[in-house]
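Visitor: Take a look at the following structure, please.
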Amino acid sequence: MKTALKTLLTAGAVLFGALHPAFALEDPAPKAYAEALKGKRIMLVPMAMGFDLAQGWEAYLKREIDAFGGVLETRDPNWSVEAGAQAITEAISAAQKPDVLIVMSPDLNSYSKLMKKAQQAGIYVILVDNPANFKADVFTGPDWTELGRLEAEAVVKGCGEGSSKKIGLVQGDQVNATSLFQYAGIMEVLAKYPDFQVVAKPDSNWDATTSRNVTTTMLQQNPDICGIIDFWDGDATGAAAAIRDAGKQDQVYLVTTGGGEQAADCDRLEDGTYDAVVMTELPTESSNMVAMIKYLLQSGQKPGTSSAALYSLLKATTKADLTPSSCWSLAHVRAEAGIK
């Protein structure tokens with residue numbers, strides 16, 4: 001019995017050694033992965049680089065792209081649609097074209113034809129955060145209609161029983177998809193609460209000073225308003241200031257949305273600046289971008305031949321919901337990526 005077992009084990013070892021010389025297994029996948037990604041160029045074109053979303057995406061992307069031997073470039077349109085269009089145009093015509101173009105579209109249509117040209121030039125196009133009338137290879141970000149629904153449910157709950165049921169909206173603008181879809185989601189939910197009335201819905205054009213001014217006017221004209229939804233934390237600080245100036249922090253329930261950065265969102269929930277924030281989960285967006293960059297560069301598929309959407313989980317977060325992992329720190333992720 002012992003002799004038979006020994007013979008069997010010896011035969012197995014011989015066979016294994018024949019298939020895998022020196023018993024050294026070599027997985028071909030890491031080599032193929034490295035060859036597909038090394039030296040690839042990725043370009044990020046946000047609406048601007050001077051705010052937490054763009055800086056956060058840049059940091060998460062740089063850390064991963066550096067690790068696989070790629071090159072990350074950023075272009076800063078500084079809120080100019082024309083400058084963003086020029087950056088995309090230059091990328092398409094460059095001698096060294098980017099392999100992947102990541103775009104935060106300012107509206108539904110401005111960059112659509114250019115992004116299609118990019119695909120025709122062999123460049124994969126990823127839309128981040130803002131949808132557009134364009135079949136991107138990938139969209140990563142929130143479902144903005146659902147986000148609006150969550151904001152509306154939060155403000156209805158925040159106003160509570162016995163309130164005036166008057167609500168104000170501080171929209172972004174009338175062309176950006178995030179603003180249009182948020183509005184649609186909000187109004188869809190409020191239709192289920194006929195007692196609630198939207199008494200004002202000015203635009204802020206994504207500017208905190210404008211938000212403060214229009215909110216001040218809103219409160220003067222509707223002193224019994226119970227809740228306000230400001231469509232972005234970047235300008236909701238203005239709405240919060242107007243509420244504070246009017247001495248109505250305990251009366252007006254302020255809801256907004258943001259990328260979940262610590263100083264911009266969690267700290268503002270903690271100190272009472274905001275009552276609820278629907279966070280768009282920037283770390284998840286960034287991870288999704290990285291995963292799809294790696295997939296596209298290894299897929300061999302032609303840009304523009306397929307399309308995928310990776311939506312972030314959404315939740316209306318209040319002070320009571322906060323945990324140590326509720327937000328991410330821009331300072332920390334930029335330090336990890338080696339960005340000063």
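The values are calculated or read from the model by the stated rules, or taken from the named source; none is laboratory data. All values derive from a computational prediction rather than experimental measurement. Cβ placement follows ideal geometry from the backbone for every residue including glycine, while neighbour counts extend to all protein chains displayed. The accessibility values were calculated without ligands, DNA or RNA, using every heavy atom of the protein model including side chains. Shrake-Rupley method; radii C 1.70, N 1.55, O 1.52, S 1.80 Å.
Visitor: I'm told Gln301 meets every condition in (1) part of a loop (DSSP other than H, G, I, E, B); (2) surrounded by fewer than 19 Cβ atoms within 10 Å (Cβ to Cβ); (3) touching a residue at least 40 places away in the same chain (Cβ under 8 Å) except one. Can you identify the failing condition by its number?
Guide: (3)
Visitor: When segment 111-121 is examined, which residues are found to be in a loop (DSSP other than H, G, I, E, B) and closer than 23 Å to Glu58 by Cα?
Guide: Tyr111
Visitor: Would you mind stating whether Leu147 is under 25 Å from Lys315 (Cα atoms) and open to solvent by less than 40 Å² (accessible area, probe 1.4 Å)?
Guide: So Leu147 fits the description; yes.
So that you can scan it fast, the table gives a plain yes or no per residue for (1) of a type outside the set (D, E, K, R); (2) more than 30 Å from Ile126 (Cα to Cα); (3) not in a loop (DSSP other than H, G, I, E, B):
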{"residue": "Leu147", "(1), (2), (3)": "yes, no, yes"}
{"residue": "Val189", "(1), (2), (3)": "yes, yes, yes"}
{"residue": "Asn205", "(1), (2), (3)": "yes, no, no"}
{"residue": "Gln220", "(1), (2), (3)": "yes, yes, yes"}
{"residue": "Ile225", "(1), (2), (3)": "yes, yes, no"}
{"residue": "Ile229", "(1), (2), (3)": "yes, no, yes"}
{"residue": "Ala240", "(1), (2), (3)": "yes, yes, yes"}
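Visitor: Right, Ala264: at pLDDT 95 or above and within 18 Å of the chain's Cα centre (by Cα) or not?
Guide: The answer is yes for Ala264.
Visitor: Residues in segment 118-134: is at least one surrounded by fewer than 20 Cβ atoms within 10 Å (Cβ to Cβ) and among the β-branched types (Val, Ile, Thr)?
Guide: Taking every residue of segment 118-134 in turn, none turns out to be surrounded by fewer than 20 Cβ atoms within 10 Å (Cβ to Cβ) and among the β-branched types (Val, Ile, Thr).
Visitor: Same structure again: May I ask you to verify whether Thr273 is part of a helix (DSSP H, G or I), polar (S, T, N, Q) and either buried (at least 16 other Cβ atoms within 10 Å of the Cβ) or without any contact (Cβ under 8 Å) to a residue 24 or more places away in the chain (or both)?
Guide: no
Visitor: Here's another thing I want to ask about it. Scan segment 91-107 and give yes if some residue there is part of a loop (DSSP other than H, G, I, E, B), aliphatic (A, V, I, L, M), touching a helix residue (DSSP H, G or I) at 6+ places or on another chain (Cβ under 9 Å) and modelled with pLDDT of 95 or more, otherwise no.
Guide: Within segment 91-107 (the criterion being part of a loop (DSSP other than H, G, I, E, B), aliphatic (A, V, I, L, M), touching a helix residue (DSSP H, G or I) at 6+ places or on another chain (Cβ under 9 Å) and modelled with pLDDT of 95 or more), the answer is yes, since at least one residue qualifies.
Visitor: Between a first residue in segment 152-180 that is closer than 16 Å to Ala200 by Cβ and a second residue that is open to solvent by less than 10 Å² (accessible area, probe 1.4 Å) and among the aromatic types (Phe, Trp, Tyr), which pairs have beta carbons less than 9 Å apart while being 6 or more apart in sequence or on different chains?
Guide: So the pair list comes out as Leu169/Phe231; Val170/Phe231; Gln171/Phe231; Gly172/Phe231; Ser179/Phe231.
Visitor: Within segment 244-257, work out how many residues are crowded, with 24+ Cβ neighbours inside 10 Å and either out of contact with any Leu (no Cβ under 8 Å at 6 or more places or on another chain) or among the aliphatic types (A, V, I, L, M) (or both).
Guide: Selection size over segment 244-257: 5.
Visitor: Go through segment 284-298 residue by residue and tally those that are open to solvent by less than 50 Å² (accessible area, probe 1.4 Å), under 21 Å from Ser329 (Cα atoms) and in contact with a strand residue (DSSP E or B) (Cβ under 9 Å, 6 or more places away or on another chain).
Guide: Counting residues in segment 284-298 that are open to solvent by less than 50 Å² (accessible area, probe 1.4 Å), under 21 Å from Ser329 (Cα atoms) and in contact with a strand residue (DSSP E or B) (Cβ under 9 Å, 6 or more places away or on another chain) gives 4.
Visitor: Related question: Looking at Glu261, Glu281 in this structure, which one is open to solvent by less than 60 Å² (accessible area, probe 1.4 Å), in contact (Cβ under 8 Å) with a residue 12 or more places away in the chain, within 28 Å of Ile228 (Cβ to Cβ) and charged (D, E, K, R)?
Guide: Testing whether each residue is open to solvent by less than 60 Å² (accessible area, probe 1.4 Å), in contact (Cβ under 8 Å) with a residue 12 or more places away in the chain, within 28 Å of Ile228 (Cβ to Cβ) and charged (D, E, K, R) leaves just Glu261.
Visitor: Further, regarding this structure: Restricting the first residue to segment 315-340 and requiring it to be closer than 27 Å to Gly158 by Cα, which pairs with a second residue that is among the polar types (S, T, N, Q) meet a Cβ separation below 6 Å and a spacing of at least six or different chains?
Guide: Taking only residues 6 or more apart or on different chains, the pairs are Cys327/Gln262.
Visitor: Given the conditions (1) surrounded by 16 or more Cβ atoms within 10 Å (Cβ to Cβ); (2) touching a residue at least 60 places away in the same chain (Cβ under 8 Å), report the number of the one that Thr216 does not fulfil.
Guide: (2) is the only condition that Thr216 fails.
Visitor: List pairs: first residue in segment 49-63 and farther than 15 Å from Val103 by Cα, second residue surrounded by 21 or more Cβ atoms within 10 Å (Cβ to Cβ) and among the hydroxyl-bearing types (Ser, Thr, Tyr) anywhere in the structure, Cβ distance under 9 angstrom, at least six positions apart or on different chains.
Guide: Every condition considered, the pairs that remain are Ala59/Ser286; Tyr60/Ser286.
Visitor: Separate question: Can you report the number of residues in segment 157-184 which are over 23 Å from the mean Cα position of the chain (by Cα), farther than 20 Å from Arg212 by Cβ and surrounded by fewer than 22 Cβ atoms within 10 Å (Cβ to Cβ)?
Guide: Residues that pass the stated criteria total 8.
Visitor: Within segment 70-86, identify whether any single residue is open to solvent by 50 Å² or more (accessible area, probe 1.4 Å), outside any loop (DSSP other than H, G, I, E, B) and within 21 Å of Ile293 (Cα to Cα), and answer yes or no.
Guide: yes
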